[in-house]
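See structure below.
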Amino acid sequence: MRGSVLLLAGVALNEDGKTFAGMGVDIADFNNDGWPDVYVACDSTPSWLFRNQHDGTFAQEGLEHGVALSEDGLEQAGMGVAVADYDLDGSLDIFKTHFSDDTNTLYRNDGKGYYPFTADCARFENGIVTTTNCKQQFENSLKGVVSRIRDRRFVAVDRERGIVFAFAFFDHNNINWTWQLGELFKIENGQIRRVEAVFHRAPYGIPSGWSSFEQAMSESIQSVR
């Protein structure tokens, strides 16, 4: 029964559907959203950060948040983990111990999340260049401005060309405004180099025509399989 629950929650297997050698586990709220996340120190494989999706499931985002590998991008022999706010900035940090002849690792949580944009990432909106610094635009024009990003779906991924197509709804609760948008992402070396977005205003809080009401209101990434 316990194994079945773990499978349904998404914390029993790695992204390839295989088991992994988890040697140390800590459960804590790493992104200060009020929900418990799970960090697993793994032996000889990338370590895992399972982020709580607020719906009984978890998404594995260790690489995205920089807590899967060493500073040199190498797998380590994780043996144990301790979690605390060592620099008293309000965000929990991770200290991971390793087997003999391997250095221990301290991951400092800067509270900002991880945004994989290149330094010169350009974003086009309805055919107009709106920025050549996507990270700055995200931090200044999206965080704290958009109330909710929901029904996000990645419907096409071309790994050979490094192109991803997605769509979603952006809600602005304070002005009763919703954007419906589709986005093309150009990926190079694991980072977003270019974004082309097409969007228009939709009735506030409108659900999509391809989801249940619960999915349409969810901030979790939706499966399109």
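Return the total of residues in the range 148-203 being touching a Pro at 6+ places or on another chain (Cβ under 9 Å), modelled with pLDDT of 90 or more and loosely packed, with under 14 Cβ neighbours inside 10 Å.
0
Just checking: which of the strands (runs of 3 or more DSSP E) contained wholly in the range 31-90 hold 3 or more residues that are among the hydroxyl-bearing types (Ser, Thr, Tyr) and open to solvent by 70 Å² or more (accessible area, probe 1.4 Å)?
In the range 31-90, no matching strands (runs of 3 or more DSSP E) lie anywhere.
Are there any pairs, at least 6 apart or on different chains, whose C-beta atoms fall under 9 Å, with the first in the range 119-148 and of a type in the set (Val, Ile, Thr) and the second open to solvent by 60 Å² or more (accessible area, probe 1.4 Å) and in a strand (DSSP E or B), and if so, which?
Thr132/Asp120; Val146/Trp179
Conditions: (1) closer than 30 Å to Glu214 by Cα; (2) modelled with pLDDT under 80; (3) surrounded by 11 or more Cβ atoms within 10 Å (Cβ to Cβ). Val145 meets all but one. Number of the miss?
If we test Val145 against (1) closer than 30 Å to Glu214 by Cα; (2) modelled with pLDDT under 80; (3) surrounded by 11 or more Cβ atoms within 10 Å (Cβ to Cβ), just (3) comes out false.
Checking Glu139 against (1) out of contact with any strand residue (DSSP E or B) (no Cβ under 8 Å at 6 or more places or on another chain); (2) modelled with pLDDT of 90 or more; (3) within 21 Å of Gly66 (Cβ to Cβ): exactly one of these is not met. Which one?
Among (1) out of contact with any strand residue (DSSP E or B) (no Cβ under 8 Å at 6 or more places or on another chain); (2) modelled with pLDDT of 90 or more; (3) within 21 Å of Gly66 (Cβ to Cβ), Glu139 violates only (2).
Which of the residues that make up the range 142-175 are over 19 Å from the mean Cα position of the chain (by Cα) and in a helix (DSSP H, G or I)?
Correct list: Asn173, Asn174, Ile175.
The values are calculated or read from the model by the stated rules, or taken from the named source; none is laboratory data. This structure is a prediction, so every number in the text was calculated from the model and none was measured. Counting neighbours? That spans all protein chains shown, and the Cβs are built from the backbone with ideal geometry, glycine included. Ligands, DNA and RNA are excluded from the accessible area calculation, which covers all protein heavy atoms including side chains. Shrake-Rupley method; radii C 1.70, N 1.55, O 1.52, S 1.80 Å.
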